[in-house]
Amino acid sequence: MGKIYYIMGKSASGKDKIYGLLSSDEKLNLKKMVLYTTRPIRHGEEDGKQYFFVDDQKLEEFRRENKLIEERAYNTIHGVWTYFTAEDGQVRLEQNNYIGIGTLESFKKLREYYGEAAVCPIYIEVEDGERLTRALIREKKQEIPKYEEMCRRFLADQSDFCEENIIEAGIKRRFENVVLEDCVQEITDFILG
């Protein structure tokens, strides 16, 4: 039976970069578990790579067909953005190992759906000042920077990823992303271990 290695961490902790490096590492042979979102696509993102970018109508279609595994809606300054995982046939644990990315809440729902033994947490940590610096650099690169949303996410992550929630989710091991290459190697060793 395969596993889903699920990357989590606060915004600007390097999750997307780590996800990309691990998913392209041939020796790990991990299939991508791509989530869905109704938020606008960012500069440099591709539909079907980081997320499937869909509208509210598609979300409602999955909901009507009872194919939603989990969903999270965020009331942003730009409207409600929903992130979700759908039973769309992309995950076949009897055939492959997968890599996914999300939040503590989505991790817990996936673990309920697929079973505790199948969903393995990979929690990424970065010091808050460094995260804020990274987030600002990333936002400045956007065609239309959304600084208020960046700040909202930063503050929301402080409560979403509080120590109590991390412990309650059963996260025991953490990977510190100070030097990206070292962090990726530590995660790679963990997966191969």
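The values are calculated or read from the model by the stated rules, or taken from the named source; none is laboratory data. If you're wondering where the values come from, they're calculated on a predicted model, not measured in any experiment. Cβ: placed from backbone, ideal geometry, glycine included. Neighbour counts: every protein chain shown. Surface areas here come from the heavy atoms of the whole protein model, side chains and all, with no ligands, DNA or RNA. Shrake-Rupley method; radii C 1.70, N 1.55, O 1.52, S 1.80 Å.
Points to keep in mind about this one:
- Pair list, Cβ < 6 Å and 6+ apart or interchain, from segment 151-170 residues that are aliphatic (A, V, I, L, M) to residues that are open to solvent by 30 Å² or more (accessible area, probe 1.4 Å) and not in a loop (DSSP other than H, G, I, E, B): A169/K108
- Within segment 45-59, being free of Cβ contacts under 8 Å to residues at least 24 places away in the same chain and either surrounded by fewer than 12 Cβ atoms within 10 Å (Cβ to Cβ) or under 17 Å from K17 (Cα atoms) (or both) holds for E45, E46, D47, G48, K49, D55, Q57.
- Total residues in segment 21-42, condition more than 20 Å from R92 (Cα to Cα) and either open to solvent by less than 30 Å² (accessible area, probe 1.4 Å) or hydroxyl-bearing (S, T, Y) (or both): 3
- Top-ranked residue in segment 166-193 [being open to solvent by less than 50 Å² (accessible area, probe 1.4 Å) and more than 16 Å from the chain's Cα centre (by Cα); ranked as farthest from P121 (Cα to Cα)]: L180
- Restricting segment 1-20 to residues that are under 17 Å from E125 (Cβ atoms) and part of a helix (DSSP H, G or I), the residue that is modelled with the highest pLDDT is I18.
- Flag for A118 being farther than 22 Å from L28 by Cα and either in contact with a helix residue (DSSP H, G or I) (Cβ under 9 Å, 6 or more places away or on another chain) or open to solvent by less than 50 Å² (accessible area, probe 1.4 Å) (or both): no
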